[in-house]
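Following: one structure in C-alpha cells, then a few remarks.
Derivation of every value follows stated rules applied to the coordinates shown; laboratory data play no part. Keep in mind that what you see is a predicted model, and the values were worked out from it rather than measured. When we count neighbours, we look across all protein chains shown, and the Cβ atoms used for this are built from the backbone with ideal geometry, even at glycine.
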2 protein chains.
Amino acid sequence: MKKSINRLIIADSEKCADLLWATRFFVPDPVFYLEIAGKKILIVSDLEISRAKKEARVHQVLSLNQYLNKLRRPGKKPPTSLDVLDTVLRERRVKKLVVPSYLGIREANFLKKRGYHLEIQDPFYPERAIKTQEEKKLITASLRATEAGISEGIKVLRASRIKQDKIYYQGKPLTSETLKGVINCKMMSLGFVGHKTIVAGGKQGADPHCTGYGPLPAHQPIVIDVFPRSEASGYHGDITRTVLKGKASPLQKKMYLAVKTAQEKGIRMIRHGIDAAKVHGEVAATLESFGFKTENRNGKPEGYIHSTGHGLGLDIHEFPRVSRLSEILKQGHVVTVEPGLYYEKLGGIRIEDVVFVTRKGCEVLTKIPKIFVIL
Amino acid sequence: MKKSINRLIIADSEKCADLLWATRFFVPDPVFYLEIAGKKILIVSDLEISRAKKEARVHQVLSLNQYLNKLRRPGKKPPTSLDVLDTVLRERRVKKLVVPSYLGIREANFLKKRGYHLEIQDPFYPERAIKTQEEKKLITASLRATEAGISEGIKVLRASRIKQDKIYYQGKPLTSETLKGVINCKMMSLGFVGHKTIVAGGKQGADPHCTGYGPLPAHQPIVIDVFPRSEASGYHGDITRTVLKGKASPLQKKMYLAVKTAQEKGIRMIRHGIDAAKVHGEVAATLESFGFKTENRNGKPEGYIHSTGHGLGLDIHEFPRVSRLSEILKQGHVVTVEPGLYYEKLGGIRIEDVVFVTRKGCEVLTKIPKIFVIL
C-alpha cells in the first residue's frame, strides 16, 4: 500500500533532515525530492547533477536545466523551477501529494493553483525516530568524538592553576572561548563540526543556552555542553558535563547530586512503552525533593526550566521529546536525558547522556564519566 | 507607512537568516517573531526567555509558558503554541500579516482558519541584501578568518614534498581530510566555524561541491573553497583558491588563466545599476573565448556549469544572484564572483572573491593573493 503514497519535499539537505534521511545526499541549495510509486526521484541543477548521481540514494536523478531548456518558449516568460516540478508530476500523472508541515506557503499555493491535492504529514517520516543499528552506530561515533572533545577540555582544566578565584592556563586567564576552541578543534580533527558549543561558568551557566564568554571562574560550576555533527554522516552527538575547578561548597555539591540523581532516575525509567511525560515528571519531582524549586524570581524563571530531553539524530532536536507532553517511547528511539538546575546566584548545573530505548530498558550510549570537582 | 505593516516569522535563527537579521538573537528552536505597529516582539519559552531579554534586539519578549498557563482550561485539550500566537495577535487586534514564502503550510492553514489574511513577501526583507557599513565590517572579518585558514593550508602544501605524483607532508601522504582539518582548526581558533570545506584535487574537483577525500594528487589542480560562519555575528566568508602542487601543464595554465581573466572581467563590470545577467554573460563568453566549451559529455555537464556568484551575508547563498537571470545590482550588495571550469579529465579550477558594490564600481573585500603553482 505504501507504494501508492506520493511524497514531495522542497528543501536543501543541510537544513532539512528529512531530505538527508531519505537521500543521504548533502546539498546546500533547495532541490525537489519526490517519491512516486515507491521510486525516489531528485531534480537538481547542472551544478549538482554528477554528484547527485554518484552520492544520492535515489532511483532517478533528473536535470532541472534540461527541463528548463525544454520548457523555454521564444517570446514567453522563462519557465521557473516550479514549472519543472509541475511538468515532472504531470508526466507521471500524480495529483495527490503528501507534503511536510514545513512546505513553504508559496510552493503550496502554486501547487494548489495547479490542481494538486496536498496532504500534510507531521512528522513527515515518523519512522525516522526509530533508529536502525546503522544509525545507532553513527550516533555512537558522534558521541565518541564529542567525548574526545570534552576530554581535551577537561585535560586543560586539570592542567590549569587557580589564582584569586580565576583559572589560569599556561600563565594566562583561561577563557570560555579558549576552552571551546580546544574542544572544537579536537572534534574538527576527527571530522565533526562543533557549533555553539557551550562552556559557561558561574552566572552565565544560569542561562541554559548562553555559550559563555570571558575568563572562567574557579570554585563555580562550568556547564560544558557539546553537540557536534559528523561531516560525513550528518548525525549528532550531544553531551553535557558540569565541572567545577577548585573547591565546591556543600550547596553546590547538593545541587550536583540532585541533578545526577534525577538523571539516573529518569534513565532507569526509560523503556519501550513508557510515557515520556512520566519520565519528565519523575525527574522534576526528584529535583524538587532535594529542595530545588522551580519558580519565577524577579520575572526570571529559575530552577528546572526546560524539558528532560529530545530525540537525537540528523537533527540536534528531533522527535520524540521527553517533556510534560504525553509521548510514548519506543524501542529504537534515541533520546537525551538532561536535567538541569539554574539559579541566578548559583549558576547552572546540567548533566546530559544519550540513551537508546530497548524493550526492557535503555542502553546508555554516552561513556565519559561524570566528575564534578576538578582539583 | 511602514508602521502599519505587521509581520510574522515562525522559525529558529540558526536556520532562518531573516530572523537572525531582524533580532540578532541566536535560538536553536522555533520561536514566534512579530512586527506589530513598528514594534518587534518575540515569544519564547522559559528556556530562552532570560537570554532573549538580554540578547535579542527587540522591543518586547513575551513568555510562551505564561500564555500556555493562562490558556489552560481544566478538562479541555491543552493549548498549543499556535493558540498562544493567536491570542497575542487578537490582543493586538492584528488581522493582516505579511509572511515569508517559507512560512510552513501547517501554520499558514492554522492562521487562515482563524481568519487571518496572509500576504507573502519574497524576499521577506529585500533590504537585507543592502549591507550596512557594520555588516560590511563583519563580512570582511569573516573573510580575514577565511584567509587565515586558507593560508594555513597553503603553508602545509608548501612544506610538503612530492613523491611519485603524490603529496607527502611530514612523511605521510597528505589527504584532503588532513588539509581540511588544518584550515578548519585555524578558523575555529578564531571563532569561525568551517563546514563542508572543500579541498578537492584532480577529478574530484570536477564536481563543484565534492568536498574531497583521500590522498591529494601532485601536478593537478586542487580546489580549496572555504566558507565559514562567525559564531559571534553569523556572517559568512566565502573564498575559493585553486592551487597546484608541482608542475602545471600548458593546458592547466591556460585553464587557470581563462578563469582568472573571466573573474577579473566580471569584477570590472560590477557597479550600481548593472544587470547581473550581463556580468554572468561576459564571464561565460570570456571562458568560451579561451576555447573552454560548456556542453554535455556522456550525459555529464562540463565546462562552466554554474552561475557567477551569489549574495553573501547571514546566509551563505542569498539574494542577489549573479546568474543568467536578470537582477539589477545595487550599491551595498555583497556578492561573490566565482567562475570555474570543470572537466572530467582535467579536474576543476575555480577562483572566488567577494565584492561590495559601489556607485561607480565595486570594492574587492578578499585580499589573499591568487597563486596557482606551489613548488
Practice problem: Please list, in chain and number order, the residues 5+ apart from B:Ile274 or on another chain whose amide H is under 5 Å from its amide H, with Hs placed from the backbone. | Solution: B:Leu329
Quiz prompt | Total charge dipole magnitude, the range B:143-196, about the Cα centre, Cβ charges on Lys, Arg, Asp, Glu only, Debye to nearest 20 | solution = 140 debye
Quiz item: Hey, how much of the P(r) for the protein assembly as shown falls beyond 50 Å, as a percent of Cα pairs?
Solution: 15 percent
Quiz prompt | Packing-based order for B:107-115, A:219-227, A:15-23, using average beta carbon neighbours within 10 Å, highest first | solution = A:219-227, A:15-23, B:107-115
Practice problem: Taking amide H positions as placed in the peptide plane 1.01 Å from N, state which residues far from B:Gly313 in sequence (5 or more) or on other chains have amide H under 5 Å from it. | Solution: B:His236
Self-check item: Dipole in debye (nearest 20) - the range B:174-307, about Cα centre, beta carbon charges: Lys, Arg +1; Asp, Glu -1
Solution: 380 debye
Quiz item: Any idea what the dipole of the range A:94-143 comes to, in debye rounded to 20, about its Cα centre with Lys/Arg Cβ at +1 and Asp/Glu Cβ at -1?
Solution: 260 debye
Practice problem: Pull up the DSSP beta bridges for the range A:1-146 and report the antiparallel fraction as a percent, rounded to 5. | Solution: 50 percent
Quiz item: Normalised by the number of residues in chain A, what is the relative contact order in percent for Cα pairs under 8 Å and 6+ residues apart?
Solution: 13 percent
Quiz item: How many Cβ atoms of partner chains, on average, are near each residue of A:218-230 if near means within 10 Å of its Cβ?
Solution: 0
Exercise. Quick one: work out the % antiparallel among DSSP beta bridges in the protein assembly as shown, nearest 5.
Key: 80 percent
Quiz item: With chain B treated as a Gaussian network of Cα nodes joined by springs under 10 Å, which of B:Val94, B:Val355, B:Val337 yields the largest mean-square fluctuation?
Solution: B:Val94
Quiz item: If the label for B:Thr261 sits 7 angstrom from Cα along the Cα-to-Cβ line, what are its distances to the same label in every other copy, in nm to one decimal, shortest first?
Solution: 7.8
Quiz item: Across the residues of A:208-217, average count of Cβ atoms on other protein chains within 10 Å?
Solution: 2
Self-check item: At 1.306 mPa s and 10 °C, Stokes diffusion of chain B via Kirkwood alpha-carbon radius, µm² per second
Solution: 70 µm²/s
Quiz prompt | Charge dipole (the range A:127-171, unit charges on Cβ, about Cα centre) - positive-most of A:Ile167, A:Thr146, A:Ile130 | solution = A:Ile167
Quiz item: Can you name the helices of chain A, as whole DSSP H runs, whose Cα span along the helix axis is 18 Å or more and whose Kyte-Doolittle mean is not below -0.5?
Solution: A:133-158, A:176-189, A:276-289
Quiz item: Shape of the range B:174-327 from its Cα gyration tensor (a ≥ b ≥ c, root eigenvalues): rounded if a/c is under 1.5, otherwise prolate when a/b > b/c, or oblate?
Solution: oblate
Exercise. Report, for B:Asp29, each distance to the same residue's label point in the other copies, shortest first and in nm; define the point 7 Å along Cα→Cβ.
Key: 3.4
Exercise. Just check the range B:81-127 against the gyration tensor rule for me: Cα atoms, a ≥ b ≥ c as the square roots of the eigenvalues, rounded for a/c under 1.5, and otherwise prolate or oblate depending on whether a/b exceeds b/c.
Key: prolate
Quiz item: Where Lys and Arg each count +1 and Asp and Glu each count -1, what net charge lies around B:Ile36 among other residues with Cβ under 9 Å from its Cβ?
Solution: +3
Practice problem: Compare the peptides A:231-239, B:266-274 by average per-residue count of other Cβ atoms within 10 angstrom and give them in order, highest first. | Solution: A:231-239, B:266-274
Quiz item: Can you give the net charge of the other residues whose Cβ lies under 10 Å from the Cβ of B:Gly205, counting K and R as +1 and D and E as -1?
Solution: 0
Quiz item: What fraction of the DSSP beta bridges in the range B:130-374 is antiparallel, stated in percent and rounded to the nearest 5?
Solution: 95 percent
Self-check item: Kirkwood Rh and Cα Rg combined as Rg over Rh, evaluated for the range B:257-337
Solution: 1.00
Quiz item: Which ³J(HN,Hα) values in Hz, rounded to whole numbers, follow from the phi angles of the range A:228-240 under the Karplus curve 6.51 cos²θ - 1.76 cosθ + 1.60, where θ = phi - 60° and Gly and Pro get x?
Solution: x, 10, 6, 5, 7, 9, x, 7, 9, x, 6, 9, 10
Quiz item: Hey, if you put +1 on the Cβ of every Lys and Arg and -1 on every Asp and Glu Cβ in the protein assembly as shown, which of A:Gly309, A:Phe227, A:Val259 ends up farthest toward the positive end of that dipole?
Solution: A:Gly309
Quiz item: How high is the FRET efficiency between A:Ser151 and A:Tyr125 when r is their beta carbon distance and R₀ equals 30 Å, given to the nearest 0.05?
Solution: 0.30
Practice problem: Using amide H atoms built 1.01 Å from N in the peptide plane, name the residues 5+ places from A:His219, or on other chains, whose amide H lies under 5 Å from its own. | Solution: A:Lys245, A:Gly246, A:Lys247
Practice problem: Compare A:Tyr67, A:Tyr33, A:Tyr256 in a GNM of chain A, Cα atoms joined below 10 Å, and give the one with the largest fluctuation. | Solution: A:Tyr67
Quiz item: How high is the FRET efficiency between B:Gln170 and B:Lys254 when r is their beta carbon distance and R₀ equals 41 Å, given to the nearest 0.05?
Solution: 0.75
Quiz prompt | the range B:4-18 - phi-based ³J(HN,Hα) in whole Hz, Karplus 6.51/-1.76/1.60, Gly and Pro as x | solution = 7, 7, 9, 10, 9, 10, 10, 5, 9, 8, 6, 9, 9, 5, 4
Exercise. Using a cut-off of 9 Å between beta-carbons, work out the net charge of the residues near A:Gly340 (Lys and Arg +1, Asp and Glu -1, A:Gly340 not included).
Key: -1
Quiz item: What are the radius of gyration and Dmax of the range B:105-260, computed over its Cα atoms and given in Å?
Solution: 20.8, 72
Quiz item: Taking the alpha-carbon centroid of each part, what is the distance from the range B:13-72 to the range B:79-114 in angstrom?
Solution: 15 Å
Practice problem: Go through B:Val27, B:Val99, B:Ala11 and say which Cα lies farthest out towards the positive end of the charge dipole of the range B:1-125; charges sit on Cβ, +1 for Lys and Arg, -1 for Asp and Glu. | Solution: B:Val99
